[in-house]
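Here the structure comes first, spelled out in structure tokens, and everything after it is commentary.
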Amino acid sequence: MTSERDMKKAYRTRAEGDFPEVFDLLGHGYRKLEDLRYGSNPHQPAALYRPALDGPLVLGAYQLLKSGKGGLSQLNVEDMHQALGILKYLGSPACCVMKHGNPSGVAMQGAAQSLAEVYRRARDADAQAAFGSAVVLNRPLDAATAQELMQSVVEVVAAPGYDADALDLLRDSRRFGRNRQLRVVQVPEPTSLPRFVGDATTARELKVFDDGSLVVAEPFLSRVRTGSDLVSAYAEHRKRGRVEIGRSPSPRELEDLLFAWYVSFRVRSNACVIVKNGQTLGVGTGQQDRVGAVELALAKVRQKYRGEETLEGAVMSSDGYFPFRDAVDIATAAGVRAFVQPGGSVNDHEAVQACNEAGATMVFALERCFSHH
């Protein structure tokens, strides 16, 4: 049987450990934190660097409390990064389950829910995709949550801290053999990361091409700090005049809309996120068209709940505007009753009218949140 070691040996073009200890990029110094298990694939060596600056670090300040076999891979680190990019916006206890750079499930604590229940809701939002996932929380992990986590296969868990009993459980490879290679990571709470327009940041987004050319961009920062920053949908039409949404979101809908919008920040575009009661029900990601993203999210919900009427009262976020009303019609027919989208389409009036006809509501974020990671 071909092993991961065989593949790495067959394709190795660069020896592990020959990445420089320090280097400069865009006027900033970087120091190697550690060599990673591998890069995007087993035959690609990789290393993780952090800024050689004084200042608050989150991912760059992680501690590996249990290394598993070979430590962290590039994908493990990227999954933690994507999860922290969602959790930094959530003030309540929350959990993000990541798979290949996209959230398979995200949940935020509701009334009287334990952290274990928050994790369970995030995992079970898409239990099939959660197999072999990275689990990231914004609160210290307790023993009950650790016990629940060890009931399924997890590759990485990251949290701001661990109870002693929780850490003992996570390290008990004899008791939980299927998770014997679990990596346990401690990271600072993510709220120190830049989030909103105006926050100070020295970070830049980089895209590197095959010839070494770079695109350097400012990082995404949101204008939406609270639900009050979401604007009731409207459109100015040259023949119909001003078209406005017929009803405002309920407090529950508004909370879910804000949550869904924040989750969308780290879902690959074209993205659609369906949420109900602080839990993602379906995530449509990486589609070439917006209708496809909506259909994928709805299909995941139907597969999970097998036709039960669970979407009544659900909300939906779209990382880009709806160019036509078709996606809105598909979603409202399935039970979705509230939408958040950037706004700005020449056909916004169609989307608003579709909501009014279905008794649904819509708000504009007045920002686009495409992610092409």
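The values are calculated or read from the model by the stated rules, or taken from the named source; none is laboratory data. Computed from a predicted model, the values in this text were never measured in an experiment. Cβ placement follows ideal geometry from the backbone for every residue including glycine, while neighbour counts extend to all protein chains displayed.
Does the range 221-257 hold any residues that are among the basic types (Lys, Arg) and farther than 19 Å from Tyr89 by Cβ, and which are they? Talk me through it step by step, then tell me what you get.
Our first condition is that a residue be among the basic types (Lys, Arg); within the range 221-257, this holds for 223, 225, 238-240, 242, 247, 252.
Passing the criteria: Arg238, Lys239, Arg240, Arg242, Arg247.
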Original post:
Since Ser228 meets every condition but one in (1) touching a Lys or Arg at 6+ places or on another chain (Cβ under 8 Å); (2) closer than 26 Å to Phe265 by Cβ; (3) polar (S, T, N, Q), which condition does it not meet?
Top reply: (1)
Original post:
Tell me, which residue of the range 329-371 that is touching a Cys at 6+ places or on another chain (Cβ under 8 Å) and hydroxyl-bearing (Ser, Thr, Tyr) is nearest to Pro249 (Cα to Cα)?
Top reply: Thr361
**OP:** Filter the range 168-187 down to residues that are part of a loop (DSSP other than H, G, I, E, B) and under 17 Å from Gln82 (Cβ atoms), then give me how many there are.
**Re:** 1
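Take the residues in the range 36-58 that are outside any loop (DSSP other than H, G, I, E, B) and in contact (Cβ under 8 Å) with a residue 24 or more places away in the chain, then tell me which one is nearest to Arg204 (Cα to Cα). Working first, answer last.
The initial filter retains those residues of the range 36-58 that are outside any loop (DSSP other than H, G, I, E, B), namely 47-51.
If we keep only those that are in contact (Cβ under 8 Å) with a residue 24 or more places away in the chain as well, we get 47-49, 51.
Numbers: Ala47: 19, Leu48: 16, Tyr49: 14, Pro51: 12 Å.
The selected residue is Pro51.
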Original post:
How many residues does the range 326-373 contain that are outside any helix (DSSP H, G or I), over 24 Å from the mean Cα position of the chain (by Cα) and at pLDDT 95 or above?
Top reply: 3
**OP:** Inspect all residues belonging to the range 335-353 and state whether any of them is within 24 Å of Pro219 (Cα to Cα), in contact (Cβ under 8 Å) with a residue 24 or more places away in the chain, in contact with a Ser or Thr (Cβ under 8 Å, 6 or more places away or on another chain) and among the small types (Gly, Ala, Ser).
**Re:** no
Original post:
For the range 184-221, how many residues meet the condition of being in contact with a helix residue (DSSP H, G or I) (Cβ under 9 Å, 6 or more places away or on another chain) and either of a type in the set (Asp, Glu) or over 20 Å from Leu59 (Cα atoms) (or both)?
Top reply: 1
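Name the strands (runs of 3 or more DSSP E) wholly inside the range 198-295 in which the number of residues that are without any contact (Cβ under 8 Å) to a residue 12 or more places away in the chain and of a type in the set (Lys, Arg) is 3 or more.
Details: elements: 205-208, 214-217, 234-237, 241-244, 272-276, 279-284.
In the range 198-295, there are no strands (runs of 3 or more DSSP E) which contain 3 or more residues that are without any contact (Cβ under 8 Å) to a residue 12 or more places away in the chain and of a type in the set (Lys, Arg).
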